[in-house]
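I have placed the structure first, in the form of structure tokens, so that the comments after it can refer back to it.
The values are calculated or read from the model by the stated rules, or taken from the named source; none is laboratory data. Not measured: the values here are computed from a predicted model. All Cβ positions, even for glycine, are placed from backbone atoms using ideal geometry, and neighbour counts span all protein chains on display. SASA here: full protein model, heavy atoms, side chains in, ligands and nucleic acids out. Shrake-Rupley method; radii C 1.70, N 1.55, O 1.52, S 1.80 Å.
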Amino acid sequence: MTAPLTADAHEYGLVGDGTADDGPALQKLVDALGDATAGDGRPRTVRVPAGRYLIRDKPVLWRSGVSLVGAGRGATCFALTNPGAPAQPVPLAWFTTAQHGAGRDHHIADVTFARFEIDGLGVETEEYEVLAKGLGLQYVLRGRFSDLWIHDTAATGFGCDFLQDTVVEGVLTERCGRQDPGEKMGGAGIGIGVGGWGPVERLAVTDCTARGNGTNGIFLELQQDDWIPPRGIRLTACHAEDNRYGISDWGADGLLVTGCTMLGNHVAGFDVSAQGTTSVGGRGGLVTGCVIDGTAGDGIALGNTPGPYGFHGNRVSNNGRYGYWEHNLSGGDQEPATDIVLESNDIHDNALDGIRVDAPLHEPAIFGNRVRGNGRRAAPEAQGGGEGVHCGPLLLTDERADWLPGGHRGKELTIGGGEPGGAGVTAVVTDNTATRLTLAPLRPGAGTAWPDGTPAPGTAYRIPDSPAVRAGLTAAAAVTHPYAHGNRVRDDGHPRTQVHAVWIAPEATWTGGRVSGNDFSGNGSASTRFDSAPSGGRWRDNAG
């Protein structure tokens, strides 16, 4: 076979009729071009005309210097399927450490994957298999992944690790992690393992969209706990919606997240924690100019990090629990997080506390924020059934209700089950009007909140009570040497649901530091509540 610099796939045996298995012909072409590139050092490109190309039962082992370019999303489609090998994951292209010995000295270089679709719906493994991805490459140097649409894969859609001098741009991932129940490794839209190239990995992820994926929309994950968390990774102008987690930092250093939107995710919009394979949280990151809105759980969830971390100029709103939650999961770093910065953020209309500290902080800086109108989960318990009660795929309506708008945000609705305390179906309330509850999907990418079909009209339901104390800033752990200045922590709503500006809970300690020049007036009750008195430091010039 001759090896031109640009090869038309149809001229080398690929059919693209949606019926023939195009995998063997693609593998033969990739090998020929890879051999030629190894011989003369000149990278090659496979151009794939519009069509539906089946890759059946066996992934294509990729070669350095070989690019794959289609005719556009929806025009060129690679359909992955494994009917003859139910135990075999079938990514379109793979090259990994475990299967192929990939490493710094045995890597893929100078490749572009662009302008095509990967349909993973045809892959169904006997058990969840983390390698059942759309793309599964490790140790890529000078790569470019552009204008791709990857959807319905059994595991992660774009699952490529250790990307050096690489750009990932305009990648759309939808409903990936189809076989992941939400608690396995992988199962994300875009999942990138980091640390393999050493302390610096130069990677830009920009203008990507991740929607309805089983675990994360986008995550970065340190792959070995003895590796140095790498610097040099940037996420810009990305969108994460209806995933279990929006964007997660599980082990990078100095991750830059800028101008991103994280909307309607299920557990957290932005997450730093020990949930990755090595239980290492990120550190040194900066999140700026982002909108983190409508999460069923928390807007920002930060934990298992030694710090520092900075959040600047973000909108954190309408989330079902806390706007910002400081916490530590078991199994990860438990030392106090040092130098956490919250500056010039707009934290408003979250269901419980605007800022909640449930893990130790040392020398946090909280300044110039507007923390307003939180504690929206203020409605009392409610129950109903019978005439006027109707359910839709993502809602419950009670025509006789008169609920406080937003007052059930983040609560767990129980419907059916007979007597109180009996078993029933549960769903999470994301918002409500006076008569209608809006519900979170059963899982990311689902179109319904109900596992066994929409409940019948008139089915009885119940909603729990709300907590009595809901503050702008709650400390429920040790806080040492804090600096809080120039914040506006108040509630101008009717009714005022943010009960206090600052609450130091009984289990907390607040030691040293300075709290000055803040506006704590206009909350539902007293501006401050000290169930554990602060010690040392200075509190002065705070209105209210």
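Within the range 443-463, the residues that satisfy the criterion of being surrounded by 18 or more Cβ atoms within 10 Å (Cβ to Cβ) and either in a loop (DSSP other than H, G, I, E, B) or at pLDDT below 95 (or both) are Arg443, Pro444, Gly445, Ala449, Trp450, Pro455, Thr459, Ala460.
When the residues of the range 1-42 are filtered to those that are at negative phi and part of a strand (DSSP E or B), the one that is least open to solvent (accessible area, probe 1.4 Å) is Ala7. Figure legend. Inter-residue proximity from the range 419-430: first residues modelled with pLDDT of 90 or more and buried (at least 18 other Cβ atoms within 10 Å of the Cβ), second residues part of a strand (DSSP E or B) and among the charged types (D, E, K, R), beta-carbon distance below 7 Å, spacing 6+ or different chains. Indicated pairs: Val428/Glu412.
Does Ala365 satisfy the criteria of being under 30 Å from Thr288 (Cβ atoms) and either touching a residue at least 24 places away in the same chain (Cβ under 8 Å) or aromatic (Phe, Trp, Tyr) (or both)? Judged against the criteria, Ala365 is a match.
State the number of residues belonging to the range 355-377 that are part of a loop (DSSP other than H, G, I, E, B) and either crowded, with 18+ Cβ neighbours inside 10 Å or at negative phi (or both). Matching residues across the range 355-377 total 11.
Under the condition of being part of a loop (DSSP other than H, G, I, E, B) and more than 33 Å from the chain's Cα centre (by Cα), the residues counted in the range 378-416 number 8. Checking each residue in the range 217-253 for being open to solvent by 10 Å² or more (accessible area, probe 1.4 Å), part of a loop (DSSP other than H, G, I, E, B) and in contact (Cβ under 8 Å) with a residue 12 or more places away in the chain picks out Gln223, Gln224, Asp225, Trp227, Ile228, Pro229, Ala237, Asp242, Arg244. Scanning the range 54-108 for residues that are buried (at least 24 other Cβ atoms within 10 Å of the Cβ), outside any loop (DSSP other than H, G, I, E, B) and small (Gly, Ala, Ser) yields one hit, Ala93.
Within the range 440-455, restricting attention to residues that are without any contact (Cβ under 8 Å) to a residue 60 or more places away in the chain and in contact with a Cys (Cβ under 9 Å, 6 or more places away or on another chain), which residue is farthest from Arg370 (Cα to Cα)? Restricting to residues being without any contact (Cβ under 8 Å) to a residue 60 or more places away in the chain and in contact with a Cys (Cβ under 9 Å, 6 or more places away or on another chain), the top hit is Trp450. Tell me whether the range 123-130 contains one or more residues that are crowded, with 16+ Cβ neighbours inside 10 Å and in contact (Cβ under 8 Å) with a residue 60 or more places away in the chain. Scanning the range 123-130 turns up no residue that is crowded, with 16+ Cβ neighbours inside 10 Å and in contact (Cβ under 8 Å) with a residue 60 or more places away in the chain. Counting the residues of the range 43-53 that are open to solvent by less than 60 Å² (accessible area, probe 1.4 Å), of a type outside the set (Val, Ile, Thr) and closer than 21 Å to Thr173 by Cβ gives 1. Residues in the range 161-181 that are part of a loop (DSSP other than H, G, I, E, B) and not small (Gly, Ala, Ser) were compared, and the one that is farthest from the chain's Cα centre (by Cα) is Asp165. Is it the case that some residue within the range 465-484 is of a type in the set (Ser, Thr, Tyr), under 24 Å from the mean Cα position of the chain (by Cα) and in a loop (DSSP other than H, G, I, E, B)? Within the range 465-484, none of the residues are of a type in the set (Ser, Thr, Tyr), under 24 Å from the mean Cα position of the chain (by Cα) and in a loop (DSSP other than H, G, I, E, B). For the residues Thr435, Thr480, the requirement of being closer than 30 Å to Ser344 by Cα, among the polar types (S, T, N, Q), surrounded by fewer than 21 Cβ atoms within 10 Å (Cβ to Cβ) and touching a strand residue (DSSP E or B) at 6+ places or on another chain (Cβ under 8 Å) singles out Thr480. Against the list (1) touching a residue at least 12 places away in the same chain (Cβ under 8 Å); (2) more than 22 Å from Asn216 (Cβ to Cβ); (3) of a type in the set (Asp, Glu), the condition Asp40 fails is (1). The set of residues in the range 127-160 that are of a type in the set (Val, Ile, Thr) and over 19 Å from Ile108 (Cβ atoms) comprises Val130, Thr153.
Note on the range 499-544: among residues that are farther than 20 Å from Ala476 by Cβ and in a loop (DSSP other than H, G, I, E, B), the one that is most open to solvent (accessible area, probe 1.4 Å) is Asp541. Mind checking whether some residue in the range 303-315 is polar (S, T, N, Q), in a loop (DSSP other than H, G, I, E, B), more than 23 Å from Ile192 (Cα to Cα) and within 17 Å of the chain's Cα centre (by Cα)? Yes: the range 303-315 contains one or more residues that are polar (S, T, N, Q), in a loop (DSSP other than H, G, I, E, B), more than 23 Å from Ile192 (Cα to Cα) and within 17 Å of the chain's Cα centre (by Cα). The residue of the range 132-150 that is farthest from Gln88 (Cα to Cα), among those that are open to solvent by 10 Å² or more (accessible area, probe 1.4 Å) and out of contact with any helix residue (DSSP H, G or I) (no Cβ under 8 Å at 6 or more places or on another chain), is Arg142.
If a residue must be closer than 18 Å to Asp119 by Cα and of a type in the set (Val, Ile, Thr), how many such residues does the range 65-103 contain? The number of residues fulfilling the criteria is 4.
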